[in-house]
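Engineer: The following block contains the structure, expressed as structure tokens.
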Amino acid sequence: MSAPLELYCWKGEWGLPSVDSDCLTVLAYAKFAGAPLKVHKIANPWRSPTGSLPALKTSEDGSLSQPHKIIIHLRKQKYNADYDLSAKEGADTLAFISLLEEKLLPALIYAFWVDSKNYVEVTRRWYAENIPFPLNFYLPTRMHSNALDRLRLVRGDSGLEPGDEAEKELYRDAYECMTLLSQRLGTQKFFFGDFPSSLDAYVFGQLAPLLKVKLPNCKLQQHLKSLDNLCHYCSNILDLYFQNEASDGPARKAPTPRDDGSDFDNEPHKRRNQFLSVLVALGAMVGYAFLTGIVSIQRSNPHNALHGRRAPQLAGDEVDDEDGE
């Protein structure tokens, strides 16, 4: 028997098994396909084998970090949620996934990462409270920058100021996409009948956070909640497949430290860990200074140390070299 597959993903909140859309997509697909994964729910992407989340650790292909690559690997391992789909249904799956990435994903990135009120009060706040110190001062900002770059890449446009015409265009496309998904789903349990497929994993991964996270600016949420069948669809998946892991604590509350193996927020150890973190940071800075030559230690010749009259000449030579540079 080969070693079990290990999945590293963002931990959950707001009644979700994970707060991240990509992680939700992979988790849902694994559930649908019956893949026996050992799941590590963490709040520090640097603890994953790829330095990003989600990440799948395998014995054959190393570590994979993108949802579609992870799903392809699971299919190679005979965990295929699309096995019973017809050729037409397979083509429809690809078309709808492309529609999601083109129409819905940009609006979701905007709502969570660009809209200033949502970003400051919800997105950044959650990551800053849950990522361990001192990374919580750095990673949320980097993630924000990566999200903006991803949105610019999808749109092919550098104009992303909140409240401008771009917001209206993004939300209009997202409204049309969600309405089309609602019409395609109809009264069915899943998009292709009674059994979920990869399309269900992608749709659930993008709609579930929008449904569950409490956003101050909630235009997209309002439209989604007006589509009753999509809301019931997301809730049904949570109840069927994530009933025992869909809630890691109420929203707006700092989660318990043991969820990600960190005790940075545990009061008896907080001061100690902050002190140790500062020492580690200082050690890293000093090490970097030595490695890059910013700081160096010169050894004096014992003979010169005994006959100190040569020292001024050596010092003068060094100063001349520096001046020459």
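The values are calculated or read from the model by the stated rules, or taken from the named source; none is laboratory data. Fair warning: this is a prediction, and the values are worked out from it, not measured in the lab. Cβ atoms come from the backbone with ideal geometry, glycine included; neighbour counts cover every protein chain shown. Areas reflect the complete protein model, heavy atoms only, side chains present, ligands, DNA and RNA absent. Shrake-Rupley method; radii C 1.70, N 1.55, O 1.52, S 1.80 Å.
Engineer: Measure off, as a whole percent, the carbon and sulfur share of the 1.4 Å-probe accessible area of the stretch 1-81, all protein chains present.
Structural biologist: The computed percentage sits at 48.
Engineer: Kindly report the accessible area of the stretch 1-126 per residue (heavy atoms of protein chains, probe 1.4 Å, no ligands, DNA or RNA), in Å².
Structural biologist: I get 44 Å² per residue for the stretch 1-126.
Engineer: Shifting gears a bit: How many percent of the accessible area of the stretch 140-243 is carbon or sulfur, using a 1.4 Å probe?
Structural biologist: 49 percent
Engineer: In nm, to one decimal, how far is the modelled label at GLU245 from the one at GLN221, with both set 7 Å along Cα→Cβ?
Structural biologist: Going from the GLU245 label point to the GLN221 one covers 2.6 nm.
Engineer: Right, something else. Suppose accessible area is computed on protein heavy atoms with a 1.4 Å probe; arrange THR123, THR187, THR179 from highest to lowest.
Structural biologist: If we order THR123, THR187, THR179 from most to least accessible, we get THR187, THR179, THR123.
Engineer: Among residues other than LYS31 whose Cβ falls under 11 Å from its Cβ, what is the net charge (Lys/Arg +1, Asp/Glu -1)?
Structural biologist: Taking every other residue near LYS31 into account, the sum is -2.
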